[in-house]
Amino acid sequence: MSRVGKYPVTIPQGVTATVQDNVVTVKGKLGEMVYVANDEVETKIEDNLIWVKPKAETKRARQLWGTTRARINNLVLGVSEGFTKKLDLVGVGYKAASQGKVLKLSLGFSHDIDFPIPDDLKITTPGPNQIEITGMDKQRVGQIASEIRGYRPPEPYKGKGVKYSNEWILRKEGKKK
């Protein structure tokens, strides 16, 4: 039995959700998102709760049960609150600046990196060494954060690079004389 799937998704105040033929549409203050659930699970709305149940007792249906519930929960959280990922730039001369639709990154290369900001996300730089990525799609926010981190991942000796703000870098000891 799925430990995630057996709990319903609560629809908060200010959010409307509809289910038609396993197509879940959620509208909130931040926008509208649509999720097409797999045919092996059944979704329905009862009393401001979205329930997900497997149609059969197959292994695949049980796998999709928890996954579908988690995806629908992320839709509801995304349109009501949104998701944020914070990145820190660690290193001498490493900095970021948001200029219109472009994020300028100075990461120790011979050139600056111009990262185009997608229309569905908001990227801000509260400080020269911090980046905040905000949006209503959890997967998209994480993907863009991962792409920015991929330009200069943190190295294990001094910890220099682009890291998530809650990431802990396992440090190695350097050479000894």
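Computed from the coordinates by the stated procedures, all read-outs in this text should not be read as laboratory data. These numbers come from a predicted model, not from an experiment. Heads up, the Cβs are rebuilt from the backbone with ideal geometry, glycines too, and the neighbour counts pull from every protein chain shown.
Miscellaneous remarks
- If R0 is taken as 25 Å, the Cβ-Cβ distance between Glu155 and Lys101 corresponds to a FRET efficiency of 0.25.
- Inter-label distance, Val36 to Asn48: 3.2 nm, where each label sits 7 Å from its Cα along the C-beta direction.
- Inter-label distance, Glu81 to Lys172: 3.8 nm, where each label sits 7 Å from its Cα along the C-beta direction.
- Relative contact order for the chain: 18 percent, from Cα pairs under 8 Å spaced at least 6 residues apart, divided by residue count.
- Local net charge near Phe83, Cβ-Cβ under 15 Å (Lys/Arg +1, Asp/Glu -1): +3
- Working note: Cα gyration tensor of segment 9-80, eigenvalues times five, square-rooted, sorted largest first, giving semi-axes of 22, 11, 10 Å.
- Segment 83-164: translational diffusion in µm²/s, Stokes-Einstein, Kirkwood Rh over Cα pairs, 20 °C, 1.002 mPa s: 170
- Between helix 59-80 and the chain: long-axis angle, C-alpha atoms, 0 to 90°, nearest 10: 70
- Put the Cα centre of segment 50-107 next to the Cα centre of segment 114-129 and the gap is 16 Å.
- Proximal aspartates and glutamates relative to Lys160, as straight alpha-carbon distance under 14 Å, when same-chain residues fewer than 8 apart are discounted: Asp88
- Compactness relative to 2.2 N^0.38 Å, alpha carbon Rg of segment 96-140: 1.18
- When the Gaussian network model of the chain links Cα atoms closer than 10 Å, the mean-square fluctuations of Lys85, Lys29, Lys95 top out at Lys29.
- Globularity index of the chain, i.e. its alpha-carbon radius of gyration over 2.2 N^0.38 Å: 1.31
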